[in-house]
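Reading through the structure tokens given below for one structure.
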Amino acid sequence: MKILYLHHGTVLGGAPLSLLYLVREVERQPNLKVTLACHSSEMQQFFSRNLQSAVQDWTNPCTFFGRYFIGYVPLDTSERRRLFFRELLRVPRSIFQQYRRIRKLRPDIVHINSSVMFTSAVAARLAGAKLVWHVREPVQGEPWKQKLSGWFIQHLAHKIITISEVEAKRLGADRFDKIRVIYNPINMENLRSELFDSAAERQKLGFSATDKLVVTLGGVTPRKGALEQVEAMQYVDDSVKLIMAGPPLLSESTDAYHQKIHQVLKQLPPGKVTFVGLLENIAPLLVAADVLTFTGMTPHFPRPVFEAWLMKKPVVVFDMEGISNQVANGSNGMVVTELSGRALGAALAAVFKDPLAMQKMGEVGRLKAQERCNPLSVAQQVVSVYREIVG
């Protein structure tokens, strides 16, 4: 069986990591030939370093159009409207170029790695390939967008894989028995606390044994609640420090969101918040941490929560669909009902007051992560989906 994986993104994050851990297991299965393609040269290099299978260049799949279509990006500025209409003009060419490449490669399965890849889905169907659509982002926005994008995904795909029950529900009723819920795989080989020295990792980061470290992996993005996380540092004691991995804070930016964060930082002591940028290996950061926060402001699967659990760390999350339903409040983490920096700060302060409860939360969370996110089990489930299609 020949499988072509198509990736959409340009930066390292949850989607490419999940795809990496999936493909790494799939390519080990007998009688499967794997090819992965993406239009970003950085992502091509990343996958080439970490996979045995062939990695190829690909046509730009016009994902801004797709992000608008699933409700992730509103056309609320003139710049976004220009980008949308400019990309809309490129959609026919993108579909045609992808169609030609798929016809040439002749895969049995085309597996697309995001909800936003509508052009790739159309190209695969036109080329006569069986389409597996991996829905990693829950459709949202105005009701018409949710209904229309859900309808397109269900009618174009032969099978749909969603990374949790929330993404599945938002696609609408599964009238054709196409949807399979399969959680994201996580690098269980590396995310083991016994492989690292916590004190040494803290020292490398410039922190002492008495510092209480809060880690977030979402970076400076509004959807991940970066502003609220920085604001929370105003409501905790001096020993609590925030480490933010992911897309960094821009030092000189006209972006209003980044400017707001800069204003809050001016009110905090030096060293209260540390930005470490994009990391390919998050394990040392997690082992150094005391607690992980995931403050999604829109529905989202909380991959970092499961990664932290594997390292036996408690988590604090906002009450948001797709996120808080994964966390049992008081058992494996804490759910903050008010989406504000003040409420988050109060929750962190409460968590740090009970070290024994923190330890128990991490241990309970680890059991759930091991059950849901084992890469081999995930790959076997995905391959079974392929075999349902091709026989």
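The values are calculated or read from the model by the stated rules, or taken from the named source; none is laboratory data. None of the values given here were measured: they were computed from a predicted structure. All Cβ positions, even for glycine, are placed from backbone atoms using ideal geometry, and neighbour counts span all protein chains on display. Remember, those area values only see protein heavy atoms, side chains included, never the ligands or the DNA or RNA. Shrake-Rupley method; radii C 1.70, N 1.55, O 1.52, S 1.80 Å.
Structure above, values below:
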{"item": "Dipole of the chain [Lys/Arg +1, Asp/Glu -1 at C-beta], most positive-end residue of Phe176, Met311, Val73", "result": "Phe176"}
{"item": "Whole-number D in µm²/s for the stretch 23-101 (Stokes-Einstein; Kirkwood sum over Cα pairs; 10 °C, 1.306 mPa s)", "result": "108 µm²/s"}
{"item": "Helix-only [θ]222 nm of the chain, DSSP H runs n ≥ 4, -39500 (n - 2.57) each, per residue, nearest 500", "result": "-13500 deg cm²/dmol"}
{"item": "P(r) histogram, all alpha-carbon pairs of the stretch 236-334 included - 5 Å bins from 0, percent", "result": "2, 11, 19, 21, 21, 17, 7, 1, 0"}
{"item": "Computed FRET value (nearest 0.05) for Ala200 with Leu89, which takes r as the C-beta separation and R₀ as 56 Å", "result": "0.55"}
{"item": "Cut-off under 5 Å, modelled amide H: who pairs with Gly219 long-range", "result": "Ala245"}
{"item": "Cβ-derived FRET efficiency at R0 35 Å, Ser239 paired with Asn325, nearest 0.05", "result": "0.65"}
{"item": "Choice from Ile243, Ile282, Ile161 showing the highest fluctuation, given a GNM over the chain with Cα pairs closer than 10 Å", "result": "Ile282"}
{"item": "Neighbourhood charge, 15 Å Cβ-Cβ cut-off, centred on Asn31 and excluding it, Lys, Arg +1 and Asp, Glu -1", "result": "+1"}
{"item": "Solvent-accessible area of Asp76 with every protein chain in place, 1.4 Å probe, in Å² to the nearest 10", "result": "90 Å²"}
{"item": "Dipole magnitude (debye, nearest 20) for the stretch 85-235, charges at Cβ of Lys, Arg, Asp, Glu", "result": "1160 debye"}
{"item": "Extension gain from Lys145 to Thr337, taking 0.36 nm per residue of separation minus the Cα-Cα distance", "result": "66.4 nm"}
{"item": "Å³ per residue enclosed by the Cα convex hull of the stretch 145-301", "result": "151 Å³"}
{"item": "Under the Karplus curve 6.51 cos²θ - 1.76 cosθ + 1.60, θ = phi - 60°, whole-Hz ³J(HN,Hα) for the stretch 73-90, x wherever Gly or Pro sits", "result": "10, x, 8, 9, 9, 5, 5, 5, 5, 4, 5, 4, 6, 5, 6, 4, 5, 8"}
{"item": "Nearby aspartates and glutamates by direct alpha-carbon distance to Lys212 (threshold 13 angstrom, same-chain neighbours under 8 apart not counted)", "result": "Asp237, Asp238, Asp290, Asp354"}
{"item": "Equivalent ellipsoid semi-axes, the stretch 217-279, via Cα gyration tensor eigenvalues times 5, rooted, Å", "result": "17, 14, 11"}
{"item": "Extension gain, Arg223 back to Gln263 (0.36 nm per residue minus Cα-Cα distance, nm)", "result": "12.5 nm"}
{"item": "Ranked order, Leu131, Leu268 - accessible area, probe 1.4 Å, largest first", "result": "Leu268, Leu131"}
{"item": "Formal net charge of residues neighbouring Glu321 (Cβ-Cβ distance under 12 Å; K, R +1; D, E -1)", "result": "-1"}
{"item": "The chain: most fluctuating residue of Leu191, Leu292, Leu367 per GNM, C-alpha cutoff 10 Å", "result": "Leu367"}
{"item": "Carbon + sulfur, % of accessible area of the chain - ligands and nucleic acids excluded, 1.4 Å", "result": "52 percent"}
{"item": "Magnitude of the charge dipole, the chain, Cβ model with Lys/Arg +1 and Asp/Glu -1, debye to 20", "result": "1540 debye"}
{"item": "Cα-based convex hull volume of the stretch 58-197 per residue, rounded to whole Å³", "result": "158 Å³"}
{"item": "At R0 = 30 Å, FRET efficiency that the Cβ-Cβ distance of Lys33 and Leu126 yields, to 0.05", "result": "0.85"}
{"item": "Probe 1.4 Å, accessible area per residue of the chain, Å²", "result": "44 Å²"}
{"item": "For Ser115, residues with placed amide H under 5 Å, excluding near neighbours", "result": "Arg136, Glu137"}
{"item": "Extension gain, Ala357 back to Glu189 (0.36 nm per residue minus Cα-Cα distance, nm)", "result": "57.9 nm"}
{"item": "When each of Lys169/Lys272; Lys159/Lys224; Lys204/Lys360; Lys204/Lys266; Lys104/Lys178 is checked by Cα-Cα distance, pairs over 32 Å", "result": "Lys169/Lys272"}
{"item": "Backbone HN-Hα couplings from phi across the stretch 175-192 [Karplus 6.51/-1.76/1.60, Hz, Gly and Pro as x]", "result": "6, 10, 6, 9, 8, 10, 8, 9, 5, 5, x, 10, 6, 6, 5, 9, 7, 10"}
{"item": "For Phe294, solvent-accessible area (1.4 Å; no DNA, RNA or ligand), Å²", "result": "10 Å²"}
{"item": "Kirkwood-Stokes translational diffusion coefficient of the chain, alpha-carbon pairs, 20 °C, 1.002 mPa s, µm²/s", "result": "98 µm²/s"}
